[in-house]
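Some notes on the structure that comes next.
The values are calculated or read from the model by the stated rules, or taken from the named source; none is laboratory data. The shown structure was predicted, so the numbers you read here are calculated from the model rather than taken from an experiment. Virtual Cβ from ideal backbone geometry, glycine too; neighbours counted across all protein chains shown. These area figures cover heavy atoms from the full protein model, side chains too; ligands, DNA and RNA do not enter into them. Shrake-Rupley method; radii C 1.70, N 1.55, O 1.52, S 1.80 Å.
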Amino acid sequence: MLDQPPATPARAAITAVSSYVPERVLTNADLSQRLDTSDEWIFTRTGIRERRIGAPGETTSMMGAEAVRRLMGRRGLGADEVDAIIVATVTPDMLFPATACLIQDQLTLSRAWGFDLSAACSGFLYGLTVGAQLVASGSHERVVVVGADLMSSIIDPLDRTTAVLFGDGAGAALLERAESGYGILDFHHRVDGSGRNDLMMPAGGSLLPPSMATVAARQHFLKQNGRAVFKFAVTNMVESVQVLLERNGLAASDLAMVIPHQANQRILDATAQRLGLPCERVATVLAAYGNTTGATLPLALDDVVRNGRIARGDLVMFTAVGAGLTSGATLVRWQ
Ligand code: UT7
């Protein structure tokens, strides 16, 4: 415990990042062999060329554990040096126990507690916020936030409106106490449950427990009202970013990089245009991975970091939208 409050508020910083995607590649050409679709339609409407699909038997916890293993390797952390693990996912290995417990076991993280967080594509963003509070409070030294989704486990292979969009993957970030002036500076999150039916999986929960009827009605697959979510995505990502810019006395031109949720290149282009940002300052990994839900932000961040596209001191804005409908943004001074 601190004797007196610090002169500047304690903050958390992302001190390492990692990602993992399965080896198997599913191309637009592969999909057009079994669905009434084409590479041309998929690429021009979404910006996606291919996505990764888990191997038979591969699960969300296995992908998440691999991402955390890589993260710990990068930072040289031992199994007793992680205090908590937060897993953002909508495709847990099972409803319970939480994926966080399965990852803790696979990596024998001897001191870590943890839990899963359900906020769909905004999950990693929300996980960063929760994890950052644990670190900033001084009660936790190292918190690992994982975004992992095996979307192929809940995608209807016969539904061309969703089957072409999603892929599998995982990413992880390590949160530790930030150096003064660096780290996670601010966040703005919102949920609008009135849009709950625009993106959802109808059955498998307490509303519609699994039955022969729910399986026959294909209710254990993701359903999406694409146009409604598209509109919500552009409006709310732009608005969340603007709230943070205004509150922190910044202009969009002060941002070195915006790292948005990866669902559709047209959403990213419209967001960049409304913010008045050149496309080079908006991270995109859509073409290679599609929409990996909770994994998209750490996958994109890992790509940006590995390619040296952000440097110490840069202002980086994360923003996301997802089922819920959830939305938000987080402002970081990169350490
Ligand atoms: O991660 C969470 C957030 N999710 C999102 O942000 C997703 C947001 N939504 C989107 O990205 C887009 O709405 C989609 C990519 C899902 C769909 O693109 P769209 O431009 O909104 O297409 P649409 O739904 O308006 O459909 C246009 C046409 C329809 O045919 P008709 O009714 O005009 O004859 C669809 O049946 O395209 C048809 N279509 C397809 N055609 C070929 C829908 N999917 C396909 C397909 N291949 N895969």
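A Cβ distance below 7 Å, combined with a sequence gap of six or more or placement on separate chains, defines the contacts here; from the stretch 93-109, residues that are within 17 Å of GLY127 (Cα to Cα) reach residues that are assigned to a helix (DSSP H, G or I) and of a type in the set (Ser, Thr, Tyr) in the pairs THR99/THR60; THR99/SER61; ILE103/SER61. Only one of the numbered conditions (1) within 20 Å of THR59 (Cα to Cα); (2) in contact with a strand residue (DSSP E or B) (Cβ under 8 Å, 6 or more places away or on another chain) is violated by PRO157, and that is (2).
Here is a yes/no grid of residues against (1) within 16 Å of the ligand (Cβ to nearest atom); (2) farther than 27 Å from THR330 by Cα; (3) more than 23 Å from the chain's Cα centre (by Cα):
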site	(1), (2), (3)
PRO9	no, no, yes
ASP30	yes, yes, yes
TRP41	yes, yes, yes
ARG51	yes, no, no
VAL68	no, no, no
ARG75	no, no, no
ILE103	no, no, no
THR108	no, yes, yes
ARG111	no, yes, yes
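Scanning the stretch 221-274 for residues that are part of a loop (DSSP other than H, G, I, E, B) and at negative phi yields PHE221, LEU222, ASN225, ASN248, LEU250, ALA251, LEU255, ALA256, HIS261, GLN262, ALA263, ASN264. Among the residues of the stretch 8-28, is any among the small types (Gly, Ala, Ser), at pLDDT 95 or above and open to solvent by 40 Å² or more (accessible area, probe 1.4 Å)? No, there is no match, as no residue in the stretch 8-28 is among the small types (Gly, Ala, Ser), at pLDDT 95 or above and open to solvent by 40 Å² or more (accessible area, probe 1.4 Å). The set of residues in the stretch 148-168 being crowded, with 24+ Cβ neighbours inside 10 Å and more than 12 Å from the ligand (Cβ to nearest atom) consists of ALA148, LEU150, ASP168. In this entry, LEU199 passes the filter for residues that are closer than 26 Å to SER152 by Cβ and among the hydrophobic types (A, V, I, L, M, F, W, C). Please work out if PRO298 is over 21 Å from MET200 (Cα atoms) and open to solvent by 10 Å² or more (accessible area, probe 1.4 Å). Here the answer is no, as PRO298 does not meet what is asked.
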